[in-house]
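The values are calculated or read from the model by the stated rules, or taken from the named source; none is laboratory data. The structure displayed is predicted, hence computed values, not measured ones. So basically every Cβ, Gly included, is an ideal-geometry build from the backbone, and we count neighbours across all protein chains shown. Ligands, DNA and RNA are stripped out before the accessible areas are found, and what is left, the full protein with its side chains, is counted by its heavy atoms. Shrake-Rupley method; radii C 1.70, N 1.55, O 1.52, S 1.80 Å.
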Amino acid sequence: MSNREIYFDYIRTLAIITIICCHIGAEFVLKNPKIFIDFKLSYFVIFFSAANFIGIPLFVMISGALLINKDYTIKTFIKKRFNRVFIPFIFWAIIYIIFSKLVMNRKLSFDNSIDIILGTSGKIGTIFWFIWMILIVYTGILIINKILEYGKSRYPNFESKFINILTLASLLVYILVSLGIIPYSSKIIYYILFIPYAIFGYYISNLDLENLNIKGKLKFNSQHIVVISLILSVLGYLLFIGNVVLNSIDAGKYIEANYFTFIVMVFTFSIFLFFKYFTNSEGKYFERFYNSLYSERLKKTIYSISISSFGIYFVHFLVLKFLKYEFLQDLNFIHHPIFWTPILLVTVFFTSWFIVYILSKIPYVNKISGVE
């Protein structure tokens, strides 16, 4: 595997883990408002429940990095995305509908099934909002690719100019959203607003910051970028969580932020840059850490998780809800988040990964398991 493939695998793995963290944390912040009486406990729980603000943008950024400026015909692009996303989605949507009846004792009705398929908030199928969002992002990518294809054949340097304009325009859009100038009350607008993350992913994946020289005085190599991006990632996320905690404590309930703010961009971009440049930052400062993080055994494990990440996304929510309805409710678990959060994270993640791995080995089922 090339370095580019390796760092995408590590980002995908982090992204799916953060999404699992989010859904585990949500069980506590949405069902136990008393948590917001205690600042430290609030910070601990929201640290997990808000982790989707890492995972979702990273997944979209990877899609942009891998799909923008690729020479697919419209037919090939749609076929690949349909087989990759929509067919597994239909399979898992059916499983979710059956699960809601057998495990959650929900009424098996047309309306309930549609709510699940559409990813209606508060329903067992709430995770499916991501499918409709990513399909809209793919549509945006297809349009961008067609414009690039047309422009590159007619104008010199069209590609770099167009991508730079798109990136600046995307930043401007997010600034306007942060200021409340661009509303996103409708789902369609909300989903469209994720397209800039795909553009950012392509831009950053092709950005060369190594040996950056500012006015002949400041010089950056990959190790400098790794350190700076790591610091920005950690500090950015901790500050973001702190703001969510304070808002939630004031309101006495969980107040969710949004994906389209400056601070979310800072820590997601920084995480992307960290993994991109860490693959090239062997040296005296990182040698031991690099050798352990990129050992052949760990790379194979990360690769397995990465190609299973879409399937894990579908499975993990069922595993979590099954544990909740069959075992955890009698244990009054929502009042003990510090004890149950790490246990649930390990249990849900490894169980989901194992289920997807087994499904990927079964003929025909492997096509709809969500594994690449």
(request) Working only within the range 176-225, note down all residues that are farther than 21 Å from MET133 by Cβ, open to solvent by less than 70 Å² (accessible area, probe 1.4 Å), in a loop (DSSP other than H, G, I, E, B) and modelled with pLDDT under 85. (result) GLY180, LEU209, GLU210, GLY216, ASN221
(message) Checking ILE94 against (1) over 27 Å from the mean Cα position of the chain (by Cα); (2) without any contact (Cβ under 8 Å) to a residue 12 or more places away in the chain; (3) more than 26 Å from SER205 (Cβ to Cβ), only one condition comes out false. Which one?
(response) (1)
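Quick one: in the range 46-55, of everything that is over 14 Å from HIS316 (Cβ atoms), part of a helix (DSSP H, G or I) and not polar (S, T, N, Q), which residue is most open to solvent (accessible area, probe 1.4 Å)? I'd like the intermediate steps shown before the answer.
From the range 46-55, those over 14 Å from HIS316 (Cβ atoms) are 46-47, 49-50, 53-54; that's our starting set.
Narrowing the set further to residues that are part of a helix (DSSP H, G or I) leaves 46-47, 49, 53-54.
Imposing the further condition that a residue be not polar (S, T, N, Q) reduces the set to 46-47, 53-54.
On the way: ILE46: 0, PHE47: 83, PHE53: 1, ILE54: 17 Å².
Once the filter is applied, the top-ranked residue is PHE47.
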(request) Identify, by number, the condition in (1) in a helix (DSSP H, G or I); (2) free of Cβ contacts under 8 Å to residues at least 12 places away in the same chain; (3) open to solvent by 70 Å² or more (accessible area, probe 1.4 Å) that LEU108 doesn't meet. (result) (1)
(request) From ILE11, ILE35, ILE16, ILE20, grab the single residue that is at pLDDT below 90 and either open to solvent by less than 10 Å² (accessible area, probe 1.4 Å) or touching a strand residue (DSSP E or B) at 6+ places or on another chain (Cβ under 7 Å) (or both). (result) ILE35
(message) If I ask for residues that are open to solvent by 70 Å² or more (accessible area, probe 1.4 Å) and among the charged types (D, E, K, R), which ones from the range 143-167 would you list?
(response) GLU149, LYS152, ARG154, LYS161
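Pull up the range 348-366, narrow it to residues that are in contact with a helix residue (DSSP H, G or I) (Cβ under 7 Å, 6 or more places away or on another chain) and not hydrophobic (A, V, I, L, M, F, W, C), then point me to the one that is surrounded by the most Cβ atoms within 10 Å (Cβ to Cβ).
Initially, the range 348-366 is screened for residues in contact with a helix residue (DSSP H, G or I) (Cβ under 7 Å, 6 or more places away or on another chain), giving 348-349, 351-353, 355-357, 359-360, 365-366.
In the following step, the residues that additionally are not hydrophobic (A, V, I, L, M, F, W, C) were identified as 351-352, 357, 360, 366.
Details: THR351: 18, SER352: 23, TYR357: 16, SER360: 18, ASN366: 15.
In this case the residue turns out to be SER352.
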(request) Pick out the one residue from LEU273, LEU246, LEU239 that is under 27 Å from ILE46 (Cβ atoms), modelled with pLDDT of 90 or more, among the hydrophobic types (A, V, I, L, M, F, W, C) and open to solvent by 60 Å² or more (accessible area, probe 1.4 Å). (result) LEU239
(message) Being farther than 16 Å from TRP129 by Cα and surrounded by 19 or more Cβ atoms within 10 Å (Cβ to Cβ) is the filter here; which residues of the range 89-104 pass it?
(response) PHE99, SER100
